[in-house]
1. Taking into account only those residues within segment 29-74 that are assigned to a helix (DSSP H, G or I) and over 15 Å from VAL87 (Cβ atoms), which is modelled with the lowest pLDDT?
2. For GLU132, all conditions in the list (1) modelled with pLDDT under 95; (2) part of a helix (DSSP H, G or I) hold save one; what is the number of the exception?
3. Answer with yes or no whether VAL40 is surrounded by 15 or more Cβ atoms within 10 Å (Cβ to Cβ), aliphatic (A, V, I, L, M) and touching a Gly at 6+ places or on another chain (Cβ under 6 Å).
4. Return the pairs, sorted by first residue and then second, in which the second residue is of a type in the set (Ser, Thr, Tyr) and not in a helix (DSSP H, G or I), the first residue lies in segment 86-106 and is touching a residue at least 40 places away in the same chain (Cβ under 8 Å) and on the phi < 0 side of the Ramachandran plot, the beta carbons are less than 7 Å apart, and the residues are 6+ apart or on different chains.
5. Hey, among the residues in segment 78-109 that are part of a helix (DSSP H, G or I), closer than 15 Å to LEU42 by Cα and among the hydrophobic types (A, V, I, L, M, F, W, C), which one's farthest from the chain's Cα centre (by Cα)?
6. Among what's in segment 110-129 and is touching an Asp or Glu at 6+ places or on another chain (Cβ under 8 Å) and in a loop (DSSP other than H, G, I, E, B), pick the residue that is surrounded by the most Cβ atoms within 10 Å (Cβ to Cβ).
7. Determine which member of the set ILE138, ILE155, ILE86 is within 21 Å of LEU6 (Cα to Cα) and either in contact with a strand residue (DSSP E or B) (Cβ under 9 Å, 6 or more places away or on another chain) or among the β-branched types (Val, Ile, Thr) (or both).
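The values are calculated or read from the model by the stated rules, or taken from the named source; none is laboratory data. Computed from a predicted structure; not experimentally measured. Please note: Cβ atoms are built from the backbone with ideal geometry, for glycine as well, and neighbour counts cover all protein chains shown.
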Amino acid sequence: MKIRMLSHPGVIGQSEFFRLAPLLKDLSSDILSTGKCLNVILIGERKMALFNRRYKKRRGPAEILTFPYSDDDKFSEGDLTLLGEIVLCWRSLCKSARYRGVSSEIYMIRLVVHGIFHLLGYSHSDAEKAEEMEKAEINFLLSYFDREEVDKLFI
């Protein structure tokens with residue numbers, strides 16, 4: 001499994017984003033199978049607001065958007081198949097982290113895990129699917145963080 005961390009120069013939160021790259025690579029390799037590739041991209045608020053409006057028909061910058069690639073997209077690099085892209089906005093995720101009383105870094109990890117579960121087919125389109133997805137995320141995160149910290153991530 002390969003994860004690529006990408007960002008445009010000057011985007012707020014880059015140092016934190018790239019500092020977490022080794023941990024995110026470990027986490028994602030525990031979820032994804034060999035031969036899969038994932039892009040995690042940090043963008044600014046304006047670009048995230050544009051993406052959120054264009055792809056989700058919502059106003060303002062989201063914390064995260066996930067773009068899965070289907071088998072029809074046939075994007076591969078060598079022996080790796082690109083599952084999709086996870087796009088993050090540092091300022092938006094920082095606001096949510098403060099609300100939950102957790103560090104922005106831990107909340108970013110939670111969001112990347114959430115995005116990976118979306119790429120694997122999980123959904124929160126209805127209450128039953130949302131509960132299934134949340135349980136899977138919590139169980140996974142408990143192998144890295146203590147229960148109290150994980151519970152704060154899902155307020």
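1. Across segment 29-74, the extreme among qualifying residues is ASP73.
2. Of (1) modelled with pLDDT under 95; (2) part of a helix (DSSP H, G or I), only one is false for GLU132: (1).
3. no
4. Partner pairs satisfying both residue conditions: ILE86/THR66.
5. CYS94
6. The initial filter retains those residues of segment 110-129 that are touching an Asp or Glu at 6+ places or on another chain (Cβ under 8 Å), namely 110-111, 113-114, 117, 122, 124.
Of the ones still in play, those that are also in a loop (DSSP other than H, G, I, E, B) are 122, 124.
Values: TYR122: 17, HIS124: 15.
Among those that are touching an Asp or Glu at 6+ places or on another chain (Cβ under 8 Å) and in a loop (DSSP other than H, G, I, E, B), it is TYR122.
7. Values: ILE138 fails: within 21 Å of LEU6 (Cα to Cα); ILE155 fails: within 21 Å of LEU6 (Cα to Cα).
ILE86 is the lone residue from the list that is within 21 Å of LEU6 (Cα to Cα) and either in contact with a strand residue (DSSP E or B) (Cβ under 9 Å, 6 or more places away or on another chain) or among the β-branched types (Val, Ile, Thr) (or both).
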